[in-house]
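The values are calculated or read from the model by the stated rules, or taken from the named source; none is laboratory data. These figures come from a predicted structure and were not determined experimentally. Cβ placement follows ideal geometry from the backbone for every residue including glycine, while neighbour counts extend to all protein chains displayed.
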Amino acid sequence: MTKQTFGATISALRKEKGLTQLELARQMGVTDKAVSKWERNLSFPDVASLPKLAEVLDTSVDELLEVKTAAQEEPAGSRVPVLAELVLKAVALAMGVGVAALTIMDEVEPRNALGLLGIGVACLALVQLMHGPEQE
């Protein structure tokens, strides 16, 4: 079985068995709305009911739980630039909001305000450098 979300796994196995959501729900002792939520990954069946669910769907609990997670989809190294970009943008936003608030309260000297805004602009420049020339 190819790795997929838990809900997609339940849906695919249910359909292979020729069961409707209502039929699966009756066999599991739950509502068809509960099965629908499982299949849409909005909720998860009670852990104690997983063996029965696996039995009804003619599979094992291990196969049922062998789902694709975000960590499996994307190597950890590829998330670092995204996180760095997010942090840099957050710092830039914080500098802008901070300067605006401090200026309104008359709590910052213009020289210091420019320094804070410079930090924000530098962060945005780093974000642009991370993307390289291909996004111009």
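Observations
- For region 97-123, the set of residues classified as within 28 Å of the chain's Cα centre (by Cα) and surrounded by 16 or more Cβ atoms within 10 Å (Cβ to Cβ) consists of 120, 123, listed by residue number.
- Residue 90 vs. criteria surrounded by 12 or more Cβ atoms within 10 Å (Cβ to Cβ), of a type in the set (Gly, Ala, Ser), part of a helix (DSSP H, G or I) and at pLDDT 85 or above: no
- Members of region 1-40 found to be loosely packed, with under 14 Cβ neighbours inside 10 Å, modelled with pLDDT of 90 or more and within 17 Å of residue 66 (Cα to Cα), listed by number: 40
- Residue pairs meeting the criteria (Cβ under 7 Å; at least 6 apart or on separate chains; first among the small types (Gly, Ala, Ser), in region 1-15; second at pLDDT 85 or above): 7/38; 7/39; 7/40; 7/41; 11/39
- Across region 93-127, the number of residues qualifying as charged (D, E, K, R) and part of a helix (DSSP H, G or I) comes to 1.
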